[in-house]
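*Asks:* Got a structure for you, questions after.
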Amino acid sequence: MPSPSLRERAEAVQARGIFLGGPLRKFETVGRNQLSILLRNGLNPDSKVLDIGCGCLRGGYWLIHFLQQGGYYGIEPSREMLEIGKELIVTTALIEEKQPRFDMNPELDFQVFDAQFDFIMARSIWTHASPRQIEKMLDQFILTTGPDGVFLTSIKPCPWYRRQYRGDAWVGATYIEPLDGTVLYKFSWIAHVCRERGLTATRQDTEYGQMWLRITHTHI
C-alpha cells in the first residue's frame, strides 16, 4: 500500500482538530517554500537549523528530509501539535533516522539546545510577536549563532500611513488557541533594532502577503 501523500497527511492532522499553521490548500507550498528560501540563502545538508514555532512540522517535513542526522531543531510550545506532526506528517521512522531535537518552551529561549546554529527560521512568527519579543529573538540569535549565522523571518509590512504594532502582548494564533490576528511592522524599525545590535537586515521575497527578511551579523 503506497504511503499517504503530504496532502493526505495534513488532512489527517486537520481531522483531529489540530491547527495546521494556515489553510490546508497552502500547507505543502508554504512548507516547501521554507526549504526553498533557506537553500537560496546558502543552506547545506550539514547545516544546523533552528525552526521557531515549528508547529505540526509543515516546514520541518522538508527540512528534516534534507538535512543530515541531527541537523534540525524545533521549538514549539504546543505538545499536542508537535506530537501529531511527528506522528503523521514526518513519521516516527524518519524521526528515528534523522534524530531531530525539539523543545516546547514558550519563552523564546534558543539556548535550550546548547547548540550553535547556521540558520534560524521564524516564518509567520513576527506577524504575531510584540516588539519586545522580536528584540528578544534578535538577542537570542546573537547568542546562538557564529559570525556567519543567518536569521530568516517574515513580517507583514506596515504601510507608511499606519502605525506599527506597539503593544507588549502576542497577538492572534498561540500554542493554546489558533485565533485570528496579525500585526504589522515597518522595515525601518526592524533595520533600526538590528543596527543597535550589530546586525544587518535586508528585504527578500514576498510570499502570501508576508515579506521575508534576512538578518546577519554586520562584518566590519
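*Asks:* At pLDDT 95 or above, within 30 Å of ALA12 (Cα to Cα) and out of contact with any helix residue (DSSP H, G or I) (no Cβ under 7 Å at 6 or more places or on another chain): is that true of THR153 in this structure?
*Replies:* So THR153 fits the description; yes.
*Asks:* Identify, by number, the condition in (1) touching a strand residue (DSSP E or B) at 6+ places or on another chain (Cβ under 7 Å); (2) touching a residue at least 24 places away in the same chain (Cβ under 8 Å); (3) not aliphatic (A, V, I, L, M) that ARG203 doesn't meet.
*Replies:* Here ARG203 meets the rest and fails (2).
*Asks:* Pairs only if they're at least six apart or on different chains, beta carbon under 7 angstrom, first in region 17-28 and aliphatic (A, V, I, L, M), second at pLDDT 95 or above and surrounded by fewer than 18 Cβ atoms within 10 Å (Cβ to Cβ); list them, first residue then second.
*Replies:* What qualifies is LEU24/GLU11.
*Asks:* Go through (1) touching a Lys or Arg at 6+ places or on another chain (Cβ under 6 Å); (2) not in a loop (DSSP other than H, G, I, E, B) and name the single condition LEU35 misses.
*Replies:* LEU35 satisfies all of (1) touching a Lys or Arg at 6+ places or on another chain (Cβ under 6 Å); (2) not in a loop (DSSP other than H, G, I, E, B) except (1).
*Asks:* Also: Identify, please: which residue in region 124-146 is surrounded by fewer than 20 Cβ atoms within 10 Å (Cβ to Cβ) and among the small types (Gly, Ala, Ser) and is, among those, farthest from PHE66 (Cα to Cα)?
*Replies:* Within region 124-146, the match that is farthest from PHE66 (Cα to Cα) is SER130.
*Asks:* Wholly within region 51-123, which strands (runs of 3 or more DSSP E) include no fewer than the required count, namely at least 3 residues that are within 13 Å of the chain's Cα centre (by Cα) and buried (at least 21 other Cβ atoms within 10 Å of the Cβ)?
*Replies:* Answer list for region 51-123: 72-75, 117-122.
*Asks:* If ILE134 passes every condition in (1) over 29 Å from LEU20 (Cβ atoms); (2) part of a helix (DSSP H, G or I) but one, which one does it miss?
*Replies:* Status for ILE134: all satisfied but (1).
*Asks:* Okay, next question. For region 147-164, how many residues meet the condition of being without any contact (Cβ under 8 Å) to a residue 60 or more places away in the chain and surrounded by 21 or more Cβ atoms within 10 Å (Cβ to Cβ)? Spell out the reasoning first.
*Replies:* Residues of region 147-164 that are without any contact (Cβ under 8 Å) to a residue 60 or more places away in the chain, as a first pass: 154-164.
If we keep only those that are surrounded by 21 or more Cβ atoms within 10 Å (Cβ to Cβ) too, we end up with 154-155.
The qualifying residues number 2.
*Asks:* Hey, among the residues in region 68-96 that are touching a Ser or Thr at 6+ places or on another chain (Cβ under 9 Å) and modelled with pLDDT of 95 or more, which one's nearest to ASP114 (Cα to Cα)? Walk me through how you get there before you give the answer.
*Replies:* Filtering region 68-96 for residues touching a Ser or Thr at 6+ places or on another chain (Cβ under 9 Å) gives 68, 71, 77-78, 86, 91.
From the residues that got through so far, the ones that are modelled with pLDDT of 95 or more too are 68, 71, 86.
Working: GLN68: 18, GLY71: 13, LYS86: 22 Å.
Once the filter is applied, the top-ranked residue is GLY71.
*Asks:* Next question, about the same structure. Scanning for something aromatic (Phe, Trp, Tyr) and buried (at least 23 other Cβ atoms within 10 Å of the Cβ), does region 15-25 turn up at least one residue?
*Replies:* Filtering region 15-25 down to residues aromatic (Phe, Trp, Tyr) leaves 19.
From the residues that got through so far, the ones that are buried (at least 23 other Cβ atoms within 10 Å of the Cβ) too are none.
No, region 15-25 contains no residue that is aromatic (Phe, Trp, Tyr) and buried (at least 23 other Cβ atoms within 10 Å of the Cβ).
*Asks:* Just checking, does region 1-10 include any residue being within 23 Å of ASP148 (Cα to Cα) and buried (at least 21 other Cβ atoms within 10 Å of the Cβ)?
*Replies:* no
*Asks:* Consider only pairs whose beta carbons are under 6 Å apart and that are at least six residues apart or on different chains; among these, list those whose first residue lies in region 113-133 and is modelled with pLDDT under 95 and whose second residue is among the aromatic types (Phe, Trp, Tyr).
*Replies:* From region 113-133, the pairs are HIS128/TRP170.
The values are calculated or read from the model by the stated rules, or taken from the named source; none is laboratory data. These numbers come from a predicted model, not from an experiment. We place every Cβ from the backbone using ideal geometry, glycine too, and count neighbours over all the protein chains shown.
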